[in-house]
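Since every read-out is calculated from the coordinates, none of them should be taken as a lab result. Quantities reported herein were computed from a predicted structural model and do not represent experimental measurements. For neighbour counting, all protein chains shown are included, and Cβ atoms are generated from backbone atoms with ideal geometry for every residue, glycine included.
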Amino acid sequence: MAATKADPKKVHVAHQWKHGSPLIACCFSPDGKYVFTSGQDYALQRWEIPSGKKVEWKAHDSWVRDIVFLHDGRTMITAGCDDKLIFWDAMAEKPKAIRTVVAHKGWIRNLSVAADGKTFASAGNDRLVKLWDATNGKLIRTFSGHKLDVYSTFLHPNGKTVYSGDQGGDIREWTIADGKLQRKFQGGEVLLTNNTQGVRYGGVRGLAVSPDNKYLAACGLHKATNPLGAVNEPIALLFDMKTNKKVRSQPGSGIKGIGWQLSWLNDGSLAVASGGSGGGYLLFWRPDSDKEFHRFKLPDTARDMDLHPDGLQLATVHYDRHVRIHKLTPKPPAPKKKAKKK
Amino acid sequence: MKRIHACGSNEHQIARRQFLGGVAGGAVGGLGMLAASPAAKQLEKTQQRVVCIYMSGGLSQLESWDPKPKTNTGGPFRAIPTSVPGIHLSELLSRTAKHMDKLALVRGINTRNGDHGKGNYHMQYGRQKMPGVSLPILGAVCAKALENPSNPMPGHIRIGGGGRGNDSAYLGPRYASIGANGKPPANSERPKDLSEAADELRNRFRRKANDRFALRRRTEETDAYTYSYERALQLMERRDVFDVSKEPAKMHELYGKESFGQRCLTARRLLENGATFVKLDHSNYDTHNENFNFHLEQVPEFDKGFAALVGDLADRGMLDSTMIVVMSEFGRTPNINKYYGRDHWGNAWSICLGGGKIARGAVVGKTNENGTKVIDREVSYPHLFHTYLAGVGLDSHEPFDVGGRPVPMADPAFGPIDELIT
């Protein structure tokens with residue numbers, strides 16, 4: 001889709017708009033003209049790009065953890081902590097709920113739409129992954145076997161497999177046709193911490209297969225020396241799609257936070273949005289190195305990220321109530337100031 | 001396991017010493033034998049007991065007893081109705097909600113404190129900590145005030161870890177906490193190479209020597225020493241009381257296999273067999289980071305064990321004689337921080353009580369719409385301490401007689417929450 005390649009080293013904040021409450025999740029519309037967000041005020045927001053004109057509305061009985069769009073360009077699906085999926089006509093002047101589905105028992109943490117847009121997957125605290133018919137909201141298949149809450153899911157563009165990652169770093173590949181577990185990826189357990197505070201902490205926060213189908217990337221946290229006090233570091237893991245084995249551990253060294261979400265960029269690099277007690281960052285790695293080649297300090301801790309359809313912009317949402325649009329292209333020169341008239 | 005709080009404090013570290021050694025040593029020395037119990041004249045014939053559950057680190061009142069859904073402080077969890085019309089709890093307490101008619105809530109607590117150590121002391125000792133002043137902890141006060149001399153069970157048991165606490169102050173080590181872990185006390189079994197007959201002979205000889213010594217040089221210390229041996233002997237005969245594995249399978253199923261459920265079952269077993277005060281912890285609620293994920297992990301685990309305990313006490317007819325206390329050192333901030341966490345907060349929070357003489361299904365105190373301040377019937381830790389004592393039928397204004405000197409059981413400047421006491 002994108003004519004030009006993203007240049008992560010040129011990343012800069014192009015737009016930022018403030019809501020009345022800390023934000024949780026974000027998603028671009030397929031036409032790229034809007035970014036949608038959810039907030040701690042139980043509301044959803046539609047932001048027009050570049051004007052920042054906002055429309056907001058309330059729906060779920062709880063927070064919305066994830067937002068996705070279907071390929072019709074109008075239907076948006078939100079995943080609530082109230083067991084529900086809600087389908088929206090998101091482009092209406094005042095967005096309206098089209099359909100509500102009680103989809104999981106407990107929080108729905110993540111959604112993923114198939115490349116053909118006909119199906120989507122959901123992951124929840126009932127330890128299940130579910131595949132849905134996007135046209136009518138009917139359940140097609142349930143994938144069961146995770147022993148902990150499922151934090152993330154990803155539908156492969158081949159339409160045959162779905163991936164899921166849970167709180168314990170257990171990453172699985174399932175066959176869509178029969179719902180069977182195909183394989184597990186080895187080494188994800190680094191994303192789980194059990195320590196002397198008596199808590200279980202970690203999880204696969206983001207999951208995506210690289211466009212060249214060589215790697216499955218997962219992000220989360222490690223080095224959690226004080227989970228209850230937010231002392232941990234973000235990390236991305238790369239798994240070889242052929243061998244199931246972990247081939248890269250890409251830490252955000254020296255940063256305190258969690259890798260909340262990831263996206264493969266069209267230049268072949270991986271972008272991760274991190275946030276935590278060390279502030280917010282966009283971190284960029286290439287598959288051939290454990291060390292990131294660029295990091296960009298964000299004005300505040302990030303909580304979610306989405307890649308624009310043009311492949312050249314990232315949206316992030318933040319605790320400081322802002323949604324920010326970052327361009328991965330050179331910053332245009334500042335307009336010259338007019339000389340003052342004497 | 002040593003629990004380290006997010007903020008670095010170690011308030012709940014438990015020393016590991018041998019259980020039986022603690023029992024035997026517990027009665028020796030101190031002023032325990034000098035303090036006369038004021039309870040005998042107050043209590044009914046039914047033995048009053050207490051089970052105290054300490055939510056270590058600071059349970060969020062918003063994710064438990066005082067939910068504020070759909071407010072700016074509410075977080076993602078919903079509120080659910082309970083067995084008492086009009087009372088709602090967090091959805092994380094779905095099992096407990098069914099027993100609300102056996103419980104009560106204090107929702108107007110303002111302890112003006114956000115420090116783990118101070119909060120721990122306030123809630124368990126009922127007073128401000130003063131330099132050079134040592135006070136007995138709630139368990140020791142209850143063990144002393146509710147003591148039944150014919151009961152061989154220790155009065156003050158702490159589930160988890162071992163050893164003997166240094167927490168009974170002027171009441172004497174006899175009322176200090178004893179650690180139990182759901183297994184028979186270590187070294188409580190008669191050695192295999194010692195026959196029952198030889199053991200009996202050995203004890204008979206000890207008693208004879210003690211009696212002879214006492215004829216000429218009897219003191220309170222020698223009495224205490226003798227008492228400790230006799231008590232240890234009685235405990236050896238009842239070692240199975242401490243062994244939770246003796247409970248039937250359906251009880252293990254009811255309480256759950258998780259460690260907290262097993263500790264609740266151990267508590268019920270000990271209470272049923274005569275323990276006066278049993279305390280257990282549930283950890284760790286010091287959730288400055290990811291408060292919602294951690295409460296999602298921990299509160300349902302608490303809910304399962306706690307609801308089983310409440311229901312089981314009721315089913316066994318023990319509820320009227322067993323007061324239930326669920327406390328923390330403080331609550332957590334209504335404000336949600338940038339790590340989805342909640343911080344320390346003592347200005348508007350809640351505890352749960354039940355059983356004993358606590359009014360069933362009562363709610364005392366109220367916070368405002370988003371839980372940032374108390375707007376009705378504000379109370380603090382001294383009121384709560386008085387209420388715990390009143391909840392087992394004690395007059396909390398009665399003093400202990402410590403060596404002829406009256407020492408108040410609770411801060412005399414305060415009193416119980418009367419409307420909670422039946």
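Using amide H atoms built in the peptide plane, which far-off residues or other-chain residues are under 5 Å from B:Lys279 H to H?
So B:Lys279 has HN proximity to B:Cys52, B:Ile157, B:Arg158, B:Ile159.
By the gyration tensor of its Cα atoms, with a ≥ b ≥ c the square roots of the eigenvalues, what is the shape of the stretch A:190-306: rounded for a/c under 1.5, prolate for a/b over b/c, or oblate?
Numbers: a/c = 2.12, a/b = 1.34, b/c = 1.58.
It comes out oblate by the Cα gyration axes.
Please state the relative contact order of the stretch A:44-196 as a whole percent: Cα pairs under 8 Å, 6+ residues apart?
Numbers: 379 pairs, mean separation 19.0, N = 153.
Taking the mean separation of contacting Cα pairs over the length of the stretch A:44-196, I get 12 percent.
Around B:Leu138, under 10 Å between beta carbons, what's the net of Lys plus Arg minus Asp minus Glu among the other residues? Working shown, then result.
Numbers: positive: B:Lys279; negative: B:Asp167.
With Lys, Arg at +1 and Asp, Glu at -1, the net is 0.
Under a GNM of chain A (C-alpha, springs under 10 Å), which listed residue has the highest mean-square fluctuation: A:Thr175, A:Thr243, A:Thr37?
A:Thr243
What does the charge dipole of the protein assembly as shown about its Cα centre add up to, to the nearest 20 debye, if the Cβ of each Lys and Arg holds +1 and the Cβ of each Asp and Glu holds -1? Write out the running numbers ahead of the final one.
Working: 107 positive and 79 negative charges, 415 e Å.
For the protein assembly as shown, the charge dipole is close to 2000 debye.
Given a Förster distance of 35 angstrom, what is the FRET efficiency for A:Gln16 paired with A:Asn195, based on the Cβ-Cβ distance and rounded to 0.05? Working shown, then result.
On the way: r = 37 Å, r/R0 = 1.04.
Once the sixth-power term is evaluated, E becomes 0.45.
Let's see if you can work this out: charge +1 on each Lys and Arg Cβ, -1 on each Asp and Glu Cβ, no other charges. What is the dipole magnitude of the stretch A:8-327 about its Cα centre, in debye to the nearest 20?
Values: 44 positive and 32 negative charges, 52 e Å.
For the stretch A:8-327, the charge dipole is close to 260 debye.
Counting only other chains, and only Cβ atoms inside 10 Å, what mean value do you get across the residues of B:62-75? All intermediate terms of the calculation are to be shown ahead of the outcome.
Numbers: counts 0, 0, 0, 0, 0, 0, 0, 4, 6, 2, 6, 1, 5, 4.
Counting Cβ atoms of other protein chains within 10 Å of each residue's Cβ and averaging gives 2.
Compute the relative contact order of the stretch A:8-327 as a whole-number percentage, counting only Cα pairs closer than 8 Å that sit 6 or more residues apart in sequence.
On the way: 971 pairs, mean separation 44.3, N = 320.
14 percent.
Expressed as an acute angle from 0 to 90° and rounded to the nearest 10, what is the orientation of the C-alpha long axis of helix B:116-125 relative to the principal long axis of chain B?
In chain B, helix B:116-125 runs at an angle near 60 degrees to the longest axis.
Gaussian network model of chain B, Cα springs within a sub-10 Å range: biggest mean-square fluctuation belongs to which of B:Pro248, B:Pro136, B:Pro300?
Greatest mean-square fluctuation among the candidates belongs to B:Pro248.
Using 11 Å as the cut-off for backbone N distance, which residues of the stretch B:324-354 belong to the label zone defined by a point 7 Å from the Cα of B:Glu378 along Cα→Cβ?
Output list for this probe position: B:347-348.
Where both partners of a DSSP beta bridge lie in chain B, what percent of those bridges are antiparallel, to the nearest 5?
Numbers: 23 of 47 bridges.
Close to 50 percent.
B:Ser259 to B:Asn335: extension gain in nm, 0.36 nm per residue of separation minus the Cα-Cα distance? Before the final figure, lay out the partial values.
Details: separation 76, 0.36 × 76 = 27.36 nm, distance 3.12 nm.
Contour length minus Cα-Cα distance gives 24.2 nm.
With a ≥ b ≥ c the root eigenvalues of the C-alpha gyration tensor of the stretch A:8-327, is it rounded (a/c under 1.5), prolate (a/b larger than b/c) or oblate? Before the final figure, lay out the partial values.
Values: a/c = 1.37, a/b = 1.09, b/c = 1.25.
Since a/c stays below 1.5, the shape of the stretch A:8-327 is classed as rounded.
If I model a spin label at B:Thr422 and A:Lys331 as a point 7 Å from the Cα along the Cα→Cβ vector, what separation in nanometres do I get?
If labels sit at B:Thr422 and A:Lys331, their model points lie 7.0 nm apart.
Which one of B:Lys183, B:Lys338, B:Lys304 has the biggest mean-square fluctuation once chain B is modelled by GNM with Cα springs under 10 Å?
B:Lys338
Once you put a point 7 Å from the Cα of A:Arg286 and another 7 Å from the Cα of A:Ser51, both along the Cβ direction, what distance in nm separates them?
Placing both labels 7 Å beyond Cα along the Cβ direction yields 4.2 nm.
If you average the alpha carbon positions of the stretch A:7-28 and of the stretch B:352-422, how far apart do those two centres end up, in angstrom?
What the calculation gives is 51 Å, centre to centre.
Roughly what would the spin-label model give for A:Lys9 and B:His252, points 7 Å off Cα along C-beta, in nm?
Spacing of the two 7 Å Cα→Cβ label points: 6.3 nm.
Taking a ≥ b ≥ c as the square roots of the Cα gyration tensor eigenvalues, with a/c under 1.5 meaning rounded and otherwise prolate when a/b beats b/c, else oblate, which class fits the stretch B:146-216?
Values: a/c = 2.62, a/b = 1.32, b/c = 1.98.
Oblate.
Taking +1 at the Cβ of each Lys and Arg and -1 at the Cβ of each Asp and Glu, which of A:Gly137, A:Ala114, A:Asn158 sits farthest along the dipole of the stretch A:97-167 towards its positive end, judged by Cα position relative to the Cα centre?
Selected residue: A:Gly137.
Hey, got the average number of other protein chain Cβ atoms within 10 angstrom for residues in B:287-297? Walk me through the numbers on the way to the answer.
Values: counts 6, 7, 13, 9, 1, 3, 11, 6, 0, 5, 7.
Average neighbour count from other chains, rounded to a whole number: 6.
Among A:Ala271, A:Ile77, A:Leu307, whose Cα projects farthest towards the positive end of the dipole of the stretch A:8-327, with charges put on the beta-carbon of Lys, Arg (+1) and Asp, Glu (-1)?
Sorting the options by dipole projection puts first A:Ala271.
Per-residue HN-Hα couplings for the stretch B:78-93, Karplus 6.51 cos²θ - 1.76 cosθ + 1.60 at θ = phi - 60°, whole Hz, x for Gly and Pro?
Ordered by residue, 3J(HN,Hα) equals 9, 9, 10, x, 10, 6, 10, x, x, 9, 10, 10, 4, 4, 6, 10 Hz.
What percent does the relative contact order of chain B come to when contacts are Cα pairs within less than 8 Å and at least six residues apart?
On the way: 934 pairs, mean separation 126.4, N = 422.
Taking the mean separation of contacting Cα pairs over the length of chain B, I get 30 percent.
How much net charge surrounds B:Trp349 when only the other residues with a Cβ under 15 Å from the Cβ of B:Trp349 are counted, with Lys and Arg +1 and Asp and Glu -1? Each step should come with its number before you reach the end.
On the way: positive: B:Lys68, B:Arg107, B:Arg112, B:Lys118, B:Arg332, B:Arg342, B:Lys366, B:Lys373, B:Arg377; negative: B:Glu63, B:Asp66, B:Asp115, B:Asp286, B:Glu329, B:Asp343, B:Asp376, B:Glu378.
In short, +1.
Based on other C-beta atoms within 10 Å, arrange B:Cys352, B:Cys264 from fewest to most.
Starting with the residue having the fewest Cβ neighbours, the order is B:Cys352, B:Cys264.
Nearest 10 degrees, 0 to 90: what angle lies between the long axis of helix B:381-390 and the longest principal axis of chain B (Cα atoms)?
Helix B:381-390 sits at roughly 50 degrees to that axis.
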